[in-house]
Amino acid sequence: TSAERDKIYQWIIELANPETRENALLELSKKRESVPDLAPLLWNSFGTIAALLQEIINIYPAINPATLTAHQSNRVCNALALLQCVASHPETRSQFLAAHIPLYLYPFLQTVSKTRPFEYLRLTSLGVIGALVKTDEQEVINFLLTTEIIPLCLRIMESGSELSKTVATFILQKILLDETGLNYICQTYERFSHVAMILGKMVIALAKEQ
């Protein structure tokens with residue numbers, strides 16, 4: 001309905017204002033599945049992506065030392081959910097990559113704290129990268145190979161929570177299934193042996209669970 005549409009527009013406007021942003025993040029993240037063109041609206045509206053990136057950068061000081069609270073984690077994860085929406089939409093994905101936005105999430109993937117707020121933050125950040133690789137677009141793999149995503153995923157596969165391990169493994173699988181990705185991993189002995197070692201450890205761990 002037009003009233004609901006107006007609400008979406010209003011919340012997007014409210015993202016630009018730090019006073020009203022938290023509620024707008026919450027409401028829009030709830031609606032991301034039901035508004036098909038939310039990604040282009042977010043990407044093309046004034047100041048919105050800058051506001052979402054500001055939410056991410058605001059959390060960096062809470063990473064080290066690890067002081068992230070549940071409230072902070074929930075808030076930034078709502079911002080990440082909106083970025084995931086932009087990452088997975090065909091109209092905005094290329095621009096999302098060209099702006100190197102995934103790199104802003106890498107500090108979250110490097111965290112090792114086992115507290116719930118950090119687990120949730122890592123899982124949601126992985127979800128954004130997972131949404132990118134799910135599209136099976138060559139440009140996504142090409143972009144990721146220029147970054148440190150493989151060692152980050154391998155570390156999470158080794159020591160993350162069950163859900164984080166699953167998403168990290170999915171991302172690595174998508175890279176391995178791509179010819180460019182497979183060539184990249186097989187290019188040096190170090191890369192290949194690192195991947196083989198972590199996969200081997202996971203198989204042993206799974207065998208123990210049986």
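Just a few scattered comments:
- Remark: spin-label model distance Q72-T135 equals 3.1 nm, labels positioned 7 Å along the Cα→Cβ axis.
- Most positive-pole-ward Cα, Q54, I204, L182, against dipole of the chain from beta carbon charges: I204
- Cα centroid separation - segment 42-69 against segment 2-28, whole Å: 17 Å
- The chain, Rg to Rh (Cα coordinates; Rh as Kirkwood inverse mean 1/r): 1.00
- With both labels modelled 7 Å from their Cα along Cα-to-Cβ, the T188 to K30 distance reads 4.9 nm.
- Helical mean residue ellipticity (222 nm; -39500 (n - 2.57) per DSSP H run of 4+; nearest 500) of the chain: -23000 deg cm²/dmol
Since every read-out is calculated from the coordinates, none of them should be taken as a lab result. Quantities reported herein were computed from a predicted structural model and do not represent experimental measurements. Quick reminder, even Gly has a Cβ in these numbers, built from the backbone with ideal geometry, and neighbours come from all protein chains shown.
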